[in-house]
Amino acid sequence: MVNTLSLKVVTTLMKVHIFLIALFYFRNWRKTIDILSVLKGQLKKYRGAAGIQKISKVDGMYYWDMYGEGWPSSAFKRNAKREFNRVSNPSLSHVGMRNVLFGITTKCPMRCEHCYEWDNLNLKERLSFSDLQKVIEKLIHYGAGQIHFGGGEPMMRYEDMLSVIKKYSKRTGFWIITSGFQLTEVRAQQLKTAGLTGVCVSIDHHVTESHNTFRNYPQAYEKAQHAVMAANRAGLVTSLSLCVTRQYAQKENIEAYVAMGRRLGVSFIQFLEPRAVGHYNGKEVDLSFEQKYMLEEVFLKVNTEAAHHQDPIIIYHEYYKPTIGCRGAGNGTFYIDPLGEVHACPFCRKSVGNVVTDSIEYCVDRLRAKGCTVPVPEVAKQKTREMEVIEN
Ligand code: SF4
């Protein structure tokens, strides 16, 4: 993380830049100020605090969110305009997408406890290389700010992935969501040269044996840690993704996890709550009220308190859902599974179309018509009420 003085300088310059992009875009002072104040309010609800409290510097660029491109860059400018459009024209249905998670392979050597692709795992590959290119062209044309490659394990399709990143990285941002399998120093460097932005490595426990058991793979932890270090050395942005299970959701575990993230030098940690889909289908996996509350407390503390300034930035999607809504279902993101079927997110599975044969516009319209169907949990409603009391 950049120090407090650099943070002030960088955020000031970034704000001036955003203001100028908006002013040139709208060519209207009043509108510029109005739209920027709406976005400022949304940022507070997204991160739990006013303004940007932390920024990570990677390879000369500044990142405050793993779903936003680094500043300064042309991708940052492009994405800022998409956000202006989203806020200024709420009735416009096709303003682009913040990011799309794209499962590019069914293949995976692991057998994770929580795998949402369990039913498709290691089926015959459905998407050809030319399908991958066609889908990426469509997503870029639609205005996807980032494409995150998942699977299966996307590293199982390394050569294809490397080729498309090389070909399209000037037109959109790419991330890889991986278990860390076969992400060696050489590959990390090749991916960086091809134009990859970042790597999100899933680690689901801070204790080696527990992570290996969760992933049902003997060297899973070792591979994940090596992948993070290789990506850091290559100058890629790094993030950890944690599926917070009922058993793991205790304050001391989460604090140990954050400390591990800091030791590994990642910019972000993403908390994901388990859902009863895929390998968890039919199981009781939801976190309790107290566990969700504890996660929110850690999220707010780590992202805002000075004592945690050098800890990674935490992304916790459940935090902002009650105030600014779910970003899934085409409201900022959606999911394409390894068969090409389009879903609201990896956990809300009901195909609305196939990305190879249908247009993105058709799929997004269908996703939006249905919206997010997951009810807002009680803990989130309570937090919203608390925030409203503070704001009033
Ligand atoms: S969660 Fe990912 S790494 Fe684990 S089995 Fe499923 S696809 Fe493989």
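Selection of the range 261-291 for residues being touching a residue at least 60 places away in the same chain (Cβ under 8 Å), closer than 17 Å to residue 314 by Cβ and either of a type in the set (Ser, Thr, Tyr) or within 16 Å of the ligand (Cβ to nearest atom) (or both) yields 267, 270.
Residues of the range 78-126 that are outside any loop (DSSP other than H, G, I, E, B), more than 16 Å from the ligand (Cβ to nearest atom) and either within 30 Å of residue 280 (Cβ to Cβ) or touching a strand residue (DSSP E or B) at 6+ places or on another chain (Cβ under 7 Å) (or both): 97, 99, 100. Does any residue of the range 67-75 turn out to be surrounded by fewer than 18 Cβ atoms within 10 Å (Cβ to Cβ), part of a helix (DSSP H, G or I), more than 14 Å from the ligand (Cβ to nearest atom) and on the phi < 0 side of the Ramachandran plot? Looking through the range 67-75, at least one residue is surrounded by fewer than 18 Cβ atoms within 10 Å (Cβ to Cβ), part of a helix (DSSP H, G or I), more than 14 Å from the ligand (Cβ to nearest atom) and on the phi < 0 side of the Ramachandran plot.
Against the criterion of being within 16 Å of the ligand (Cβ to nearest atom), under 20 Å from the mean Cα position of the chain (by Cα) and either among the acidic types (Asp, Glu) or buried (at least 18 other Cβ atoms within 10 Å of the Cβ) (or both), residue 168 does not qualify. The residues of the range 305-332 that are in a strand (DSSP E or B) and either surrounded by fewer than 23 Cβ atoms within 10 Å (Cβ to Cβ) or of a type in the set (D, E, K, R) (or both) amount to a single one, 315.
Counting only residues that are among the aromatic types (Phe, Trp, Tyr) and outside any loop (DSSP other than H, G, I, E, B), which one in the range 47-66 is surrounded by the fewest Cβ atoms within 10 Å (Cβ to Cβ)?
62
Scanning the range 333-375 for residues being crowded, with 20+ Cβ neighbours inside 10 Å and not in a loop (DSSP other than H, G, I, E, B) gives a total of 11. Exactly one residue out of 187, 171 is modelled with pLDDT of 95 or more, under 30 Å from residue 359 (Cα atoms) and basic (Lys, Arg), and it is 171. Set side by side, the residues 330, 371, 340 differ, and just one is modelled with pLDDT of 95 or more and of a type in the set (Gly, Ala, Ser), which is 340.
Exactly one residue out of 220, 224 is within 16 Å of the ligand (Cβ to nearest atom), buried (at least 20 other Cβ atoms within 10 Å of the Cβ) and over 20 Å from the mean Cα position of the chain (by Cα), and it is 220. Taking residue 301 as the residue in question, decide whether it is of a type outside the set (A, V, I, L, M), surrounded by 18 or more Cβ atoms within 10 Å (Cβ to Cβ) and not in a loop (DSSP other than H, G, I, E, B). In short, no. List the pairs whose first member sits in the range 220-249 and is without any contact (Cβ under 8 Å) to a residue 40 or more places away in the chain, whose second member is of a type in the set (Gly, Ala, Ser) and in a loop (DSSP other than H, G, I, E, B), and whose Cβ atoms are under 6 Å apart, counting only residues at least 6 apart or on separate chains? Going by the 6 Å Cβ cut-off, the qualifying pairs are 232/265.
Looking only at residues of the range 241-277 that are of a type in the set (Lys, Arg) and in a helix (DSSP H, G or I), we find that the one that is nearest to residue 55 (Cα to Cα) is 262.
Residue by residue, here is whether (1) aliphatic (A, V, I, L, M); (2) touching a Ser or Thr at 6+ places or on another chain (Cβ under 9 Å); (3) under 16 Å from residue 103 (Cα atoms); (4) in contact (Cβ under 8 Å) with a residue 24 or more places away in the chain holds:
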| residue | (1), (2), (3), (4) |
| --- | --- |
| 139 | yes, yes, yes, yes |
| 153 | no, yes, yes, yes |
| 159 | no, no, yes, no |
| 167 | no, no, no, yes |
| 180 | no, yes, yes, yes |
| 212 | no, no, no, no |
| 218 | no, no, no, no |
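The values are calculated or read from the model by the stated rules, or taken from the named source; none is laboratory data. None of these values were measured; they are calculated from a predicted model. Virtual Cβ from ideal backbone geometry, glycine too; neighbours counted across all protein chains shown.
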